[in-house]
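The values are calculated or read from the model by the stated rules, or taken from the named source; none is laboratory data. This is a predicted model, so every value here is computed, not measured. Ideal geometry is used to build each Cβ from the backbone, glycine not excepted, and the neighbour counts take in all protein chains shown. For the accessible areas, the whole protein counts, side chains as well, though only heavy atoms, and no ligand, DNA or RNA atoms are used. Shrake-Rupley method; radii C 1.70, N 1.55, O 1.52, S 1.80 Å.
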Amino acid sequence: MLYNEPSPLEVRVLSRRFGLPNSASIDTYLATDGYKALRKALEMKPEEIIEEVKTSNLRGRGGAGFSTGMKWSFVPRTSPKPKYIVVNADESEPVTCKDRVLIENDPHQLIEGMLIAALAADAHAGYIYIRGEYRYLIDILDTAIAEAYQHGYLGKNILGTSFSFDAYTHTGAGAYECGEESALLESLEGKRGIPRIRPPFPAVVGAFQCPTVLNNVETYCAAPAIIRDGGAAFAALGVPKAGGTKLTCLTGHVNKPGVYELPLGFSVDKMINEVGGGIRGGKKLKAFIPGGSSCPVLTAAECEGLTMDYDAMAKRKTMLGSGGVVIMDEDTCMVKVALRIMRFYAHESCGWCIPCREGTSWLRKTLVRFHDGMGQRDDIGLIGDLAKNMLGRTFCPLGDAAALPTISIVEKWAAEFEAHLNGRPCPYENVSQLVMA
Amino acid sequence: MTFSPELEAKFDKLLKSYPPGRQRAAMVPMLLFAQDEVGSVTRELVDEVAKRVGVQALQVDEVITYYSMLHRKPLGKHHVQICTNISCLLTGGEELWKHACAKLGIGHKEVTPDGRISLEEVECIGACSWAPALQVNYDFHHQVTPEKLDQLLDRLRKLT
Ligand SMILES: Cc1cc2nc3c(=O)[nH]c(=O)nc-3n(C[C@H](O)[C@H](O)[C@H](O)COP(=O)(O)O)c2cc1C
Ligand code: FES
């Protein structure tokens with residue numbers, strides 16, 4: 001099912017089957033080039049598959065943007081240990097709702113992507129780790145997996161070859177940290193989702209202590225198109241160092257929020273005003289989050305001339321992240337935004353390492369007090385200092401994810417913090433109440 | 001402990017899904033699926049799952065406290081989970097939350113006296129582009145307005 005109208009400006013590669021009748025069924029999949037890439041990959045050498053993925057310039061869609069071809073090449077294919085494919089469908093980064101639509105509308109594309117990765121890594125089993133809240137997706141995937149077994153795309157001797165592969169779904173039970181790859185692997189093994197020390201990376205020591213390819217749902221979903229139409233064709237859709245398209249979750253104060261598939265390098269202005277139909281109520285843009293709540297927040301001025309790609313975002317000291325875009329209008333209280341973001345990280349910190357556990361909870365307390373009008377001038381510096389002391393000092397990147405947006409907000413919108421001083425109530429509170437009335 | 005045949009089938013499948021000797025991996029899915037049937041993670045359920053995956057009950061207890069969806073006490077029949085994370089916050093999620101609390105007279109993780117409805121303020125549930133959003137048990141409700149929430153709660157109060 002589609003929850004928003006598609007935009008004519010989209011380039012629909014991964015979402016090409018969205019909206020077709022029974023788009024999740026294997027019949028629809030097969031009628032629209034489904035499992036063609038698998039047939040092709042079965043005739044290719046693993047090195048050739050990896051080469052094709054490198055050519056595509058596909059970068060991980062889970063947040064970090066690491067080259068997928070490189071990642072696949074790190075798996076020691078000749079190791080005597082079994083190798084595993086793990087799909088990160090934890091999708092818990094706030095503002096991210098794209099893996100959900102990918103699985104709901106086209107589960108076979110994900111299964112085919114896993115099979116291609118399995119051929120590249122010599123893996124024979126794969127797990128799809130799905131956040132617990134997405135229960136209906138487990139049913140959709142289990143149905144698709146059963147169909148794929150019936151049609152000979154999963155199981156023993158796939159399509160009459162010597163290649164065998166089994167796919168399983170695995171549910172999480174509510175924990176953002178389990179989206180972090182090493183915590184996910186602990187969780188998959190039936191433990192608390194505490195991150196592992198790295199190196200070794202999952203490519204070498206991953207699921208059940210064996211070599212593992214671990215990617216985001218959208219990353220695997222790109223593989224069939226890459227193998228089917230060639231890596232070069234995929235690369236050409238994007239910008240020089242980042243190929244293809246990105247499912248972008250447009251949210252916040254826009255007229256037409258929704259999940260849209262846009263080529264990498266798409267103009268931010270066009271995304272807000274044409275794809276998103278402009279800002280609600282004709283208001284002005286105040287702040288912009290490009291890829292989930294862990295990214296540094298940009299001002300309207302910083303968005304000028306900006307494009308949606310990894311390098312362009314890095315130049316503005318932020319990240320493309322998971323593709324979760326937040327548009328905030330001129331009436332948004334940035335102290336409140338900082339506070340809500342920190343409440344999330346304080347709640348989700350797994351408690352394993354002290355800088356993250358203590359840092360996030362102190363920041364939450366300080367921000368709550370500040371927003372309630374009980375802040376002191378010194379708090380403004382303290383918020384920045386606390387966040388900076390967490391940066392780079394935590395066991396896994398959750399600490400950075402909490403620190404980065406906070407530092408950017410307190411530095412760029414210091415004036416709003418000033419305006420909350422001296423027991424004054426939040427200057428925006430009435431405005432937002434008016435909006436809701 | 002006895003479960004429905006459907007749940008037993010799920011357990012069988014889960015226990016065969018992981019490499020030999022790694023059956024502990026089935027623990028969290030088993031607990032969550034069983035909780036949906038039993039209503040909460042009871043002492044008895046912990047012991048049963050521990051036995052089936054081959055670990056000490058304490059090792060199951062230790063895992064349960066980590067996962068926010070696993071709970072020891074029963075929730076309402078209809079568990080209403082309202083997201084107030086950033087995309088929902090900007091589109092009225094917090095007002096929905098306050099509205100639901102006022103209307104039902106209960107707060108975070110509380111249950112109405114008749115046991116019908118429970119409330120929880122949740123983090124992002126992956127419906128940000130169709131915010132504000134909530135879930136009733138596992139069902140999503142998108143672009144919720146205070147009026148839609150009223151209708152929903154009235155319906156849930158009457159539903160058996
Ligand atoms: C705290 C935290 C949460 C994360 N959550 C997710 C997630 O929900 N989904 C996801 O795909 N990646 C998530 N990641 C990134 C993963 O660690 C990992 O980089 C990614 O799944 C790799 O896949 P990719 O190369 O295809 O992007 C998270 C990282 C951190 C630090
Ligand atoms: S922020 Fe509410 S669903 Fe994502």
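Worth a mention:
- Cβ-Cβ under 6 Å pairs, at least 6 apart or on other chains, the stretch A:18-38 side farther than 13 Å from residue A:147 by Cβ, far side open to solvent by less than 30 Å² (accessible area, probe 1.4 Å) and among the hydrophobic types (A, V, I, L, M, F, W, C): A:37/A:227; A:38/A:115
- Of all the listed residues (B:68, B:40), the sole one being touching a strand residue (DSSP E or B) at 6+ places or on another chain (Cβ under 9 Å) and hydroxyl-bearing (Ser, Thr, Tyr) is B:68.
- Pairs where the first residue, in the stretch A:85-111, is free of Cβ contacts under 8 Å to residues at least 60 places away in the same chain and the second is within 16 Å of ligand 2 (Cβ to nearest atom) and among the small types (Gly, Ala, Ser), C-beta under 6 Å, 6+ apart: A:100/B:126
- Options B:14, B:45, B:104; residue that is in contact (Cβ under 8 Å) with a residue 12 or more places away in the chain and within 10 Å of chain A (Cβ to nearest Cβ): B:14
- Yes/no for residue A:153 being touching a residue at least 60 places away in the same chain (Cβ under 8 Å), in contact with a helix residue (DSSP H, G or I) (Cβ under 6 Å, 6 or more places away or on another chain) and crowded, with 24+ Cβ neighbours inside 10 Å: no
- Meets criteria (more than 13 Å from chain A (Cβ to nearest Cβ) and touching a Phe, Trp or Tyr at 6+ places or on another chain (Cβ under 9 Å)) for residue B:38: yes
- Restricting the stretch A:207-223 to residues that are more than 17 Å from the chain's Cα centre (by Cα) and either closer than 16 Å to residue A:57 by Cβ or within 16 Å of ligand 1 (Cβ to nearest atom) (or both), the residue that is surrounded by the fewest Cβ atoms within 10 Å (Cβ to Cβ): A:211
- Listed by position, the strands (runs of 3 or more DSSP E) inside the stretch A:208-289 whose residues that are in contact with a helix residue (DSSP H, G or I) (Cβ under 6 Å, 6 or more places away or on another chain) and within 16 Å of ligand 2 (Cβ to nearest atom) number at least 2 are A:245-252, A:258-263.
- Selection within the stretch A:224-236 - buried (at least 20 other Cβ atoms within 10 Å of the Cβ) and either within 14 Å of chain B (Cβ to nearest Cβ) or in contact with a Ser or Thr (Cβ under 8 Å, 6 or more places away or on another chain) (or both): A:226, A:231, A:234, A:235
- Unique match (being open to solvent by 40 Å² or more (accessible area, probe 1.4 Å), aliphatic (A, V, I, L, M) and not in a loop (DSSP other than H, G, I, E, B)) among A:30, A:20, A:38: A:30
- Scanning the stretch A:153-188 for residues that are within 12 Å of chain B (Cβ to nearest Cβ) and more than 16 Å from ligand 1 (Cβ to nearest atom) returns A:166, A:167, A:168.
- Within the option set A:308, A:319, A:313, A:342, being more than 19 Å from residue A:397 (Cα to Cα) and within 20 Å of the chain's Cα centre (by Cα) holds for one residue only, A:308.
- Test: residue in the stretch A:360-375 that is touching a His at 6+ places or on another chain (Cβ under 8 Å), on the phi > 0 side of the Ramachandran plot and surrounded by fewer than 16 Cβ atoms within 10 Å (Cβ to Cβ): yes
- The requirement of being assigned to a loop (DSSP other than H, G, I, E, B), surrounded by fewer than 22 Cβ atoms within 10 Å (Cβ to Cβ) and of a type in the set (D, E, K, R) is satisfied by residue A:317.
- Matching entry among A:125, A:117 (being touching a helix residue (DSSP H, G or I) at 6+ places or on another chain (Cβ under 7 Å) and either open to solvent by less than 10 Å² (accessible area, probe 1.4 Å) or under 24 Å from residue A:52 (Cβ atoms) (or both)): A:117
- Matching residues, the stretch A:189-206, being within 13 Å of chain B (Cβ to nearest Cβ) and within 13 Å of ligand 1 (Cβ to nearest atom): A:193, A:194, A:195, A:206
- Residues of the stretch A:169-181 classified as within 16 Å of ligand 2 (Cβ to nearest atom), open to solvent by less than 30 Å² (accessible area, probe 1.4 Å) and either assigned to a strand (DSSP E or B) or of a type outside the set (Gly, Ala, Ser) (or both), total: 0
- Residue A:345 open to solvent by less than 10 Å² (accessible area, probe 1.4 Å), within 16 Å of ligand 1 (Cβ to nearest atom) and at pLDDT 95 or above: yes
- Single residue of A:166, A:142 found to be open to solvent by 10 Å² or more (accessible area, probe 1.4 Å) and in contact with a His (Cβ under 9 Å, 6 or more places away or on another chain): A:166
- Residue ID - farthest from ligand 1 (Cβ to nearest atom), chosen from residues in the stretch A:60-91 that are surrounded by fewer than 21 Cβ atoms within 10 Å (Cβ to Cβ) and hydroxyl-bearing (Ser, Thr, Tyr): A:78
- When A:63, A:34 are checked against the criterion of being out of contact with any helix residue (DSSP H, G or I) (no Cβ under 7 Å at 6 or more places or on another chain) and either within 16 Å of ligand 2 (Cβ to nearest atom) or of a type in the set (Gly, Ala, Ser) (or both), a single residue qualifies: A:63.
- For residue A:96, the stated conditions do not hold, so it cannot be described as more than 14 Å from chain B (Cβ to nearest Cβ), β-branched (Val, Ile, Thr) and either under 15 Å from the mean Cα position of the chain (by Cα) or more than 28 Å from residue B:67 (Cβ to Cβ) (or both).
- All conditions in (1) under 13 Å from the mean Cα position of the chain (by Cα); (2) within 16 Å of ligand 2 (Cβ to nearest atom) hold for residue B:118, with the sole exception of (2).
- Qualifying residue in the stretch A:43-55 (condition: within 11 Å of ligand 1 (Cβ to nearest atom) and open to solvent by less than 40 Å² (accessible area, probe 1.4 Å)): no
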